[in-house]
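The values are calculated or read from the model by the stated rules, or taken from the named source; none is laboratory data. Just so it is clear, the structure is predicted and the values come from calculations on it, not from any experiment. Cβ coordinates were reconstructed from backbone atoms using ideal geometry, including for glycine residues, and neighbour counts include every protein chain displayed. In case anyone asks, the SASA skips ligands and DNA or RNA and just uses the protein heavy atoms, side chains included. Shrake-Rupley method; radii C 1.70, N 1.55, O 1.52, S 1.80 Å.
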Amino acid sequence: MRINLKINGENYELEVEPRTLLVYAIRELAGLTGTHVGCDTSSCGACTVLIDGKAIKSCTLFAVQAQGSDITTVEGLAKDGELHPIQRSFKEKHGLQCGFCTPGMIMLACDILENETDLKEDNLRRLLKGNLCRCTGYQNIVDAISDASMVK
Amino acid sequence: MIPAPFEYYKANSTDEALKLIRDFGEEAKFLAGGQSLIPMMKVRFARPTKLIDISKVQELRYISLDGDYIKIGGLTTHRELEKSSIIIEKIPVLAHCAHEIADIQIRNVGTIGGSLAHADPSADYPPVVLALNAVIVAKSIAQEREIPINDFFLEAFTAELRPDELLVEIKIPVMKPNEKAAYIKIGHPATGFSVVNCAVKITLDKEKIEKARVAFGGFVTVPYLDEKVGEFLIGKPANIDTITQASELVAEGREVIGDYYADADYRRHLAKSVFVRVMKKALEI
Ligand SMILES: Cc1cc2nc3c(=O)[nH]c(=O)nc-3n(C[C@H](O)[C@H](O)[C@H](O)COP(=O)(O)OP(=O)(O)OC[C@H]3O[C@@H](n4cnc5c(N)ncnc54)[C@H](O)[C@@H]3O)c2cc1C
Ligand code: FES
Ligand code: FES
């Protein structure tokens, strides 16, 4: 079936099966490989994108369901060559090592900074529960998000 | 991981969803948040040949105060519940429960109706809606009916819903000033699902307990209202001695699940101590 997805403000007309998961439509059909697949079992958060401003796991949603919504992936954050404030603080605070989990962490951070009020460290760590990082020990990720919240 | 093929139908209203399910029968399933169904389809535990997507049926997404009840539309998400000012003010224990579920991403999509229909014995809502004495409203093309929560959870992953019925609403009595409630879950560290969870709603008559609804999940195949514990509490002073004595009755005579992660004896012991903690939390002692 043909579907229309609006990703980062651009329209993509894609040919999918009903069972095509959103993350595969984004990566393999739209060619936006910034969104990663880690576990493929709804656990790691590497596939996190925003749908109408809310973080979701794109390995756990069918592409057809995202028609008519605004999808934002990590490629959609930087504007005119300027990094988004969250990207900048990940860079400055060394919030990544291998970078595999980073797009998911950043997209989740977008939702957190928009919708959560208690950003104290212990709560922030709890809010990051759906995203796994195998490298950093989380400390610098937490620092980066705290830092970005100050900018905001 | 790729689910088995299926035909996709999007319903734009409750009526449309109900007509589709009437025509398709048991080969079709509703797709709400998909946060239980899609993972099961990916590992092919579930292989529905037709999916009726109800995730955009806006008329089933609401939280409203109607007299003595809070009414919650079946498609209301966990995140909407956790953030709702009405829920936070009138039934804070439900906001806390919704917040305990999974993570932000799952809570943004997963729905209370989907969770209750799925009837996972380790889910967060069951003990809370049992303690709060909720009423489930289910609708088919032929009729609409109300199901008291005591009759709703039948078996593991089986609720009192017919295949052609949509869970359209959950009605919860508004808490009164002399009613105290609390919920605690001990989650598995990796999956987050409950090893044991417990919710209570206590009605106080000055220093004494007038009514008590105590409910458990996680360590039994069907979340249940522990009537033995509830009855014991009635008429007793709301203090630590009462709670300790009542804890001895938790799950008495019930079969308890044991597995690789937590054996049955451990879970039974844990249930007793979680009960004590929930009671102390509810009564603020
Ligand atoms: C990684 C992960 C962690 C999780 N952790 C937790 C946790 O800690 N605690 C917890 O409680 N849950 C947890 N969940 C489950 C989550 O809460 C789901 O959102 C919920 O169980 C199902 O809701 P849904 O809207 O996604 O339903 P779906 O997955 O869409 O549907 C589930 C089932 O219910 C049926 N159904 C859905 N809506 C209706 C309706 N209105 N009427 C009739 N039938 C309906 C569907 O046909 C399907 O059979 C977790 C899920 C994941 C993926
Ligand atoms: S790939 Fe989606 S949560 Fe891990
Ligand atoms: S930076 Fe390597 S997984 Fe997080």
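Within segment B:26-36, identify whether any single residue is touching a residue at least 60 places away in the same chain (Cβ under 8 Å), closer than 29 Å to A:Asp40 by Cα and in the same structural domain as B:Glu144 (by TED's automatic domain parsing), and answer yes or no. Don't jump to the end; show me each part of the working.
Applying the first criterion (touching a residue at least 60 places away in the same chain (Cβ under 8 Å)) to segment B:26-36 yields B:26, B:30, B:32-36.
Remaining after also requiring closer than 29 Å to A:Asp40 by Cα: B:26, B:30, B:32-36.
This time we only want the ones that are in the same structural domain as B:Glu144 (by TED's automatic domain parsing), so: none.
Checked segment B:26-36: no residue is touching a residue at least 60 places away in the same chain (Cβ under 8 Å), closer than 29 Å to A:Asp40 by Cα and in the same structural domain as B:Glu144 (by TED's automatic domain parsing).
I'd like to verify a number: residues in segment B:172-195 that are within 16 Å of the chain's Cα centre (by Cα), more than 13 Å from ligand 1 (Cβ to nearest atom) and surrounded by 19 or more Cβ atoms within 10 Å (Cβ to Cβ), how many?
Residues in segment B:172-195 being within 16 Å of the chain's Cα centre (by Cα), more than 13 Å from ligand 1 (Cβ to nearest atom) and surrounded by 19 or more Cβ atoms within 10 Å (Cβ to Cβ): 4 in total.
Would you point out which residue out of A:Glu10, A:Glu82, A:Glu15 is without any contact (Cβ under 8 Å) to a residue 40 or more places away in the chain, over 17 Å from A:Gly99 (Cα atoms), in contact with a helix residue (DSSP H, G or I) (Cβ under 8 Å, 6 or more places away or on another chain) and more than 15 Å from ligand 2 (Cβ to nearest atom)? First the steps, then the outcome.
Values: A:Glu10 fails: in contact with a helix residue (DSSP H, G or I) (Cβ under 8 Å, 6 or more places away or on another chain); A:Glu82 fails: in contact with a helix residue (DSSP H, G or I) (Cβ under 8 Å, 6 or more places away or on another chain).
So the residue among A:Glu10, A:Glu82, A:Glu15 that is without any contact (Cβ under 8 Å) to a residue 40 or more places away in the chain, over 17 Å from A:Gly99 (Cα atoms), in contact with a helix residue (DSSP H, G or I) (Cβ under 8 Å, 6 or more places away or on another chain) and more than 15 Å from ligand 2 (Cβ to nearest atom) is A:Glu15.
Please find, within segment B:146-161, the residue that is farthest from the chain's Cα centre (by Cα) out of those that are farther than 28 Å from B:Tyr266 by Cα and exposed (fewer than 13 other Cβ atoms within 10 Å of the Cβ).
Looking at residues that are farther than 28 Å from B:Tyr266 by Cα and exposed (fewer than 13 other Cβ atoms within 10 Å of the Cβ), I get B:Glu146.
For segment B:28-101, give me every one of the strands (runs of 3 or more DSSP E) that falls completely inside it and has 3 or more residues that are over 17 Å from the mean Cα position of the chain (by Cα). Before the answer, list the steps.
Numbers: elements: B:28-31, B:50-53, B:63-66, B:69-73.
By residue number, B:28-31, B:50-53, B:63-66.
Within 16 Å of ligand 2 (Cβ to nearest atom) and not assigned by TED's automatic domain parsing to the domain that holds A:Thr33 - does that describe any residue in segment A:110-124?
Checked segment A:110-124: at least one residue is within 16 Å of ligand 2 (Cβ to nearest atom) and not assigned by TED's automatic domain parsing to the domain that holds A:Thr33.
May I ask you to list the residues in segment B:58-75 that are within 14 Å of chain A (Cβ to nearest Cβ) and surrounded by fewer than 24 Cβ atoms within 10 Å (Cβ to Cβ)?
B:Gln58, B:Arg61
Are there helices (runs of 4 or more DSSP H) fully within segment A:58-152 with at least 2 residues that are surrounded by 15 or more Cβ atoms within 10 Å (Cβ to Cβ) and within 16 Å of ligand 1 (Cβ to nearest atom)? List them.
Ranges flagged: A:102-115.
Looking at segment B:86-127 only, could you name the residues that are in contact with a Phe, Trp or Tyr (Cβ under 7 Å, 6 or more places away or on another chain) and either more than 10 Å from ligand 1 (Cβ to nearest atom) or modelled with pLDDT under 95 (or both)?
Within segment B:86-127, B:Val93, B:His96, B:Pro127 qualify.
Hey, can you tell me all the residues within segment B:9-37 that are open to solvent by less than 40 Å² (accessible area, probe 1.4 Å) and within 14 Å of another protein chain (Cβ to nearest Cβ)?
Within segment B:9-37, B:Ala11, B:Ala28, B:Leu31, B:Ala32, B:Gly33, B:Gly34, B:Gln35, B:Leu37 meet the criteria.
Of the residues B:Ile86, B:Ile101, B:Ile106, which single one is more than 14 Å from chain A (Cβ to nearest Cβ), closer than 24 Å to A:Ile112 by Cβ and open to solvent by 10 Å² or more (accessible area, probe 1.4 Å)?
Result of the check over B:Ile86, B:Ile101, B:Ile106: B:Ile86.
Which residues, counting only those in segment A:37-56, are within 7 Å of another protein chain (Cβ to nearest Cβ) and either modelled with pLDDT under 95 or within 16 Å of ligand 3 (Cβ to nearest atom) (or both)?
Selection gives A:Asp40, A:Gly45, A:Thr48.
Taking segment A:41-53 as the region of interest, how many residues are surrounded by 18 or more Cβ atoms within 10 Å (Cβ to Cβ) and within 14 Å of ligand 1 (Cβ to nearest atom)?
7
Filter segment A:26-36 down to residues that are surrounded by 17 or more Cβ atoms within 10 Å (Cβ to Cβ) and without any contact (Cβ under 8 Å) to a residue 40 or more places away in the chain and give me whichever is farthest from the other protein chains (Cβ to nearest Cβ).
A:Ala30
Which of (1) assigned by TED's automatic domain parsing to the domain that holds A:Leu21; (2) within 14 Å of ligand 2 (Cβ to nearest atom); (3) assigned to a helix (DSSP H, G or I) is the odd one out, the single condition A:Gly45 does not satisfy?
Single failed check for A:Gly45: (3).
Quick check on my filter: what residues within segment B:212-239 are open to solvent by less than 50 Å² (accessible area, probe 1.4 Å) and part of a loop (DSSP other than H, G, I, E, B)?
B:Gly218, B:Phe219, B:Val220, B:Val222, B:Pro223, B:Asp226, B:Gly235, B:Ala238
Right, A:Glu10: over 12 Å from the mean Cα position of the chain (by Cα), acidic (Asp, Glu) and either within 13 Å of another protein chain (Cβ to nearest Cβ) or more than 30 Å from B:Leu51 (Cα to Cα) (or both) or not?
The answer is no for A:Glu10.
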